[in-house]
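Below is one structure, written out as structure tokens, with a few remarks after it.
Taken together, the values in this text are just the output of simple stated rules run on the coordinates, not laboratory data. As the structure is a computational prediction, the values presented were derived from the model and not from experiment. Because the Cβ atoms are built from the backbone with ideal geometry, glycine has one as well, and the counts that use them run over all protein chains shown.
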Amino acid sequence: MRILTLHNRYRQRGGEDESAESEVLLLRERGHEVLLHTVDNHDLGGNGLWRAGLECIWNRHAYRSTREMIRLFRPDVLKVHNFFPLLSPSVYYAAAAEGVPAVQTLHNYRLLCPGATFFRDGAPCEDCLGKAVPWPAAVHACYRGSRMATAAAAAMTSLHKAAGTWKERVAMYITPSEFARRKFEEGGFPRHKLTVKPNFLARDPGPGGGHGGFGLFVGRLAEEKGIETLLAAWKGLGARVNLRIVGDGPLRGEVLRTGRSLPGIAALGYRPAGAVLDLMGEAAFVVFPSEWYETFGRVAIEAFAKGAPVIASNIGAVAELVEHGRTGLLFRPGDPDDLAAQVEWLLSHPAQAAGMRREARAEFLAKYTAERNYQALMEIYESVIQGAKPAVRPAAAAAHAAGHAG
């Protein structure tokens, strides 16, 4: 099978970039021909928001270059991981014009929420969900703090919705969780075109011993990741258990200040993937305190692979990944007292904690290995290839949406 893969890179650890690269590696190792074409948000330069506004609705260059790649490579499937903002939905029309089915992985909520996160002012926000025009996002400048750029993102979603792009030009959407699938169905996406395939680890790192005696957080140090809740919980826990924090972000200063006042907290900053997995293997547990609607939760399955139970907030997709009392514990999102209570329960029940380590490892082997993922991906690709339609010309409504004919 030949797969043309397109991806607009963000350069975030454990996010869309890593998922796209892991999938390409997975397919190539199993004998498939994969042509990977990437663009990078860093290429936007100083006029980035202006360019994003001009090109995110319909990018003529992306349309033409995608058609050319299809003609030269002759793929069976076009796989899109992320098209925003530099590729645009024009790539779907390029595939349709060449008679190639398009499959889109929905790594975030961009097509429902211009900010992509359903998170604003410290809490989940669904103000734009289901609206024909997601105007609240523009009012609040939800994309990069710019009303102009947010308006462009909102125009992209609403114009292509009106043109039928989301319903007619994509053969199948892959969501990494049932929670995300439900959100897209609520937003008007066809139920029969939404399928769930979780993310995976390209390599099994093997279980760890869990003898380090510390809790571990891995992720972006940002409000939506629950950093403030995490720090408040450890202020309540005192010296009960040490906490190691891996990652960087806008709340780095707050983490460092708290670490200076509470010796049990160690801010480790960025660590390479191998070092992070080693830490997970030694951790008594991993904390996942997110307060937004995660579409998946790669950190959780990395922890499972190492046999570490996960203490997670009961919200979004991570609440589906963690089974309370079996592979970890759940707490009320944004509630540091409840988080501290779950940590204390785990520490005071060593036999149950040991059982959770075994169950976490078993969960990884059952659901999140490369082989499991490959089987699911092949089923999706084979189904869309069998149902592929003849080549069609791009719809004029979409091609001229921003005054740019393809």
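For this structure, a couple of remarks:
- With the helix formula -39500 (n - 2.57) applied to DSSP H stretches of n ≥ 4, the chain reaches a computed 222 nm mean residue ellipticity of -12500 deg cm²/dmol.
- Listed cross-link partners Lys79/Lys197; Lys183/Lys225; Lys161/Lys183; Lys79/Lys167; Lys131/Lys197 are compared with a 23 Å cut-off, the Cα-Cα value being larger for Lys131/Lys197.
- Global form of region 294-368, assessed from the alpha-carbon gyration tensor, a/c cut-off 1.5: oblate
- Cα-based reach from Lys193 at 15 Å (exclusive), listing aspartates and glutamates while leaving out same-chain residues under 8 positions away: Glu168, Glu178, Glu185, Glu379, Glu382
- Sorted on the mean count of surrounding Cβ atoms within 10 Å across their residues, most packed first, peptides 84-93, 315-324 read 84-93, 315-324.
- Counting Lys and Arg as +1 and Asp and Glu as -1 over every other residue whose Cβ lies under 12 Å from the Cβ of Glu223, the net charge comes to -2.
- Helix axis angle, 252-261 relative to the chain longest principal axis, alpha carbon, degrees: 0 degrees
- A simple rule links phi to the HN-Hα coupling: the Karplus curve 6.51 cos²θ - 1.76 cosθ + 1.60 with θ = phi - 60°, which for region 16-25 gives 4, 4, 5, 5, 5, 5, 5, 5, 4, 4 Hz, with x for Gly and Pro.
- Legend: Rg and Dmax of the chain, from Cα coordinates, 21.7, 66 Å.
- Highest average first, the peptides 289-299, 325-335 ordered by how many other beta carbon atoms sit within 10 Å of their residues are 289-299, 325-335.
- Cα-based shape type of region 136-217, given that a ≥ b ≥ c are square roots of the gyration tensor eigenvalues and the cut on a/c is 1.5: oblate
- Neighbour net charge for Leu72 - beta-carbon separation under 14 angstrom, K R +1, D E -1: +2
- If both residues of a DSSP beta bridge must be in the chain, then about 5% of such bridges are antiparallel.
- A viscosity of 1.002 mPa s and a temperature of 20 °C, combined with the Kirkwood radius over C-alpha pairs in the Stokes-Einstein formula, give region 214-367 a diffusion coefficient of 143 µm²/s.
- Surrounding net charge for Lys183, when Lys and Arg each add one and Asp and Glu each subtract one, Cβ distance under 15 Å: -1
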